[in-house]
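Worksheet: one structure, shown below.
The values are calculated or read from the model by the stated rules, or taken from the named source; none is laboratory data. Fair warning: this is a prediction, and the values are worked out from it, not measured in the lab. FYI the Cβ positions are ideal-geometry reconstructions off the backbone, even for glycines, and counts take in every protein chain you see.
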């Protein structure tokens, strides 16, 4: 028995993937005949088991290593040397934990009377399967397949169980993401072909592909081909237009998973591919990317302040938060990158909780318009308290989880550019204004509408779903080393990727026919 446990633990990522896929197949096959209550209990049991198992990744993770851990590789397509290779490092560890945590939280929030509940719940397991695969893939073809497969469950969740304009929103989500992925596929074919030409053998291992020396022009083209796919996924301005529609039309669970985990695939891509694989291009375009992210913070915050629909307000706030994450990443400083990874986790927790809370009030009032509420603090004290905690977390109140990541991002961005730092800081201030303004409109004052005076407070199941997120809000705020201790080695490795000073690269480009990176190397020699 002990030997079996050791084998399973050594293959933990494979076990998580297999468990998620089995849960998908089981709920899809038996959901209709089992009935809503039974299949929900079964799905919740599966999801909790997967989450508990995933904690083994955290427990067994060695924070001193920046290399992949729990790594496993199996020959998949031998003729092409494509392998089923998976592993985790400090970057992917918390993304996997976020996915496995939020899956049972979402399942718990699902109404037992949801039409075709078995199929609906099964899609969340398929989504979990693709998210774990995306964050753990060490083979670039495997990564791309998981990345693309993720579109299917989210498209169906929005398109089949969303609001009245769900079809258009689902199609927009699918087409925008697929559009960006085409450029990434071209780039993957480019780098794998180049590797084969110079080494005489095909290779799709991300680590080996990242060791290739590309000339500067190739780096620039490849950097943008990968980054375009990630910019659409984040999404960064001006590629953001699909997101508000998707969030407004998606069911609550879909919005939670979309904001909390799926959007992080874009920022994850910057850190996994754009910077380590094309470090000199990343250094050259870092100021532009930082400014673009900072502008996204200001734009998202202003758009959030202008909204009257609570769900759309939170959607635009995600654009602002992930713009800050992008700005921190491309500060290329240890502080900025560390803060960005921490904030990726914190945004998943806080925004996931905000969408859950929005879903709860929508179930009771069937509206998300801020003007339809008022005075709910007296009617729903538990709900108003939970909303206040999550709102303060979202705006970065010291002592809660949002503060440390936000602080480190600002430190990193200001070290890169005062203009980008000022834009990011302005967006953060506006973020506090729109979130507190929304809280005032919903909860403070007197109850002006009769429908609001009869609303029921949170149920036990709703409290249970929010409890782990609120616990983490306080735990990370009080002890951020819970995350930072596991990511430090990875952060240092990413921050060290750009090998040449940006001033040298720019100076060497006076002669446009000369490759600047080679010129730098020649000058040093």
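Considered as a group, the residues in segment 185-208 that are part of a helix (DSSP H, G or I) and touching a residue at least 60 places away in the same chain (Cβ under 8 Å) include one that is farthest from residue 71 (Cα to Cα), and that residue is 191.
Being farther than 17 Å from residue 17 by Cβ and out of contact with any strand residue (DSSP E or B) (no Cβ under 9 Å at 6 or more places or on another chain) is true for just one of 112, 148. Which residue is that? Break it down stepwise before answering.
Values: 148 fails: farther than 17 Å from residue 17 by Cβ.
One residue alone meets the criteria, 112.
Scanning segment 54-79 for residues that are out of contact with any strand residue (DSSP E or B) (no Cβ under 9 Å at 6 or more places or on another chain) and surrounded by fewer than 12 Cβ atoms within 10 Å (Cβ to Cβ) gives 59, 64, 78, 79. Here is a check on your reading of the model: is residue 161 under 30 Å from residue 51 (Cβ atoms) and at pLDDT below 95? Yes, satisfied.
Table: residues versus (1) at pLDDT below 95; (2) surrounded by fewer than 19 Cβ atoms within 10 Å (Cβ to Cβ); (3) closer than 20 Å to residue 145 by Cα; (4) in contact with a strand residue (DSSP E or B) (Cβ under 6 Å, 6 or more places away or on another chain).
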position: 169; (1), (2), (3), (4): yes, no, no, no
position: 175; (1), (2), (3), (4): yes, yes, yes, no
position: 179; (1), (2), (3), (4): yes, yes, yes, no
position: 197; (1), (2), (3), (4): yes, yes, no, no
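Do we find a residue being closer than 30 Å to residue 258 by Cα, assigned to a loop (DSSP other than H, G, I, E, B) and either touching a residue at least 40 places away in the same chain (Cβ under 8 Å) or in contact with a strand residue (DSSP E or B) (Cβ under 6 Å, 6 or more places away or on another chain) (or both) anywhere in segment 212-232? No, there is no match, as no residue in segment 212-232 is closer than 30 Å to residue 258 by Cα, assigned to a loop (DSSP other than H, G, I, E, B) and either touching a residue at least 40 places away in the same chain (Cβ under 8 Å) or in contact with a strand residue (DSSP E or B) (Cβ under 6 Å, 6 or more places away or on another chain) (or both).
Scanning segment 253-288 for residues that are part of a helix (DSSP H, G or I) and over 18 Å from the mean Cα position of the chain (by Cα) gives 276, 277, 279, 280, 281, 282, 283, 284, 285, 286, 287, 288.
On the basis of being touching a residue at least 40 places away in the same chain (Cβ under 8 Å), farther than 22 Å from residue 426 by Cα, in contact with a helix residue (DSSP H, G or I) (Cβ under 8 Å, 6 or more places away or on another chain) and surrounded by 20 or more Cβ atoms within 10 Å (Cβ to Cβ), does residue 294 make the cut?
On the way: touching a residue at least 40 places away in the same chain (Cβ under 8 Å): yes; farther than 22 Å from residue 426 by Cα: no; in contact with a helix residue (DSSP H, G or I) (Cβ under 8 Å, 6 or more places away or on another chain): yes; surrounded by 20 or more Cβ atoms within 10 Å (Cβ to Cβ): yes.
When the stated conditions are applied, residue 294 does not pass them.
Here is a check on your reading of the model: is residue 441 surrounded by fewer than 16 Cβ atoms within 10 Å (Cβ to Cβ), under 20 Å from residue 310 (Cα atoms) and in contact with a helix residue (DSSP H, G or I) (Cβ under 8 Å, 6 or more places away or on another chain)? No. Exactly one residue out of 146, 129, 135 is surrounded by fewer than 23 Cβ atoms within 10 Å (Cβ to Cβ) and at pLDDT 95 or above: that is 146. For segment 134-170, the set of residues classified as part of a helix (DSSP H, G or I) and within 12 Å of residue 188 (Cβ to Cβ) consists of 140, 141, 142, 143, 144, 145, 147, 148, listed by residue number.
Only one residue in 333, 415, 318 is surrounded by fewer than 19 Cβ atoms within 10 Å (Cβ to Cβ), modelled with pLDDT under 95 and on the phi < 0 side of the Ramachandran plot, so which one is that? Full working, then the answer.
On the way: 333 fails: surrounded by fewer than 19 Cβ atoms within 10 Å (Cβ to Cβ); 318 fails: surrounded by fewer than 19 Cβ atoms within 10 Å (Cβ to Cβ).
Result of the check over 333, 415, 318: 415.
Among the criteria (1) at pLDDT 95 or above; (2) closer than 21 Å to residue 145 by Cβ, the one residue 49 does not fulfil is (2). Please tell me if residue 103 is in contact with a helix residue (DSSP H, G or I) (Cβ under 6 Å, 6 or more places away or on another chain), surrounded by fewer than 19 Cβ atoms within 10 Å (Cβ to Cβ) and either in contact (Cβ under 8 Å) with a residue 24 or more places away in the chain or not in a helix (DSSP H, G or I) (or both). When the stated conditions are applied, residue 103 does not pass them. Being at pLDDT below 95, out of contact with any strand residue (DSSP E or B) (no Cβ under 9 Å at 6 or more places or on another chain) and more than 22 Å from residue 288 (Cβ to Cβ) is a description that does not apply to residue 390. Screening segment 435-522 for helices (runs of 4 or more DSSP H) wholly inside it with 3 or more residues that are at pLDDT 60 or above and either within 34 Å of the chain's Cα centre (by Cα) or closer than 30 Å to residue 64 by Cα (or both) returns the ranges 460-478, 481-495.
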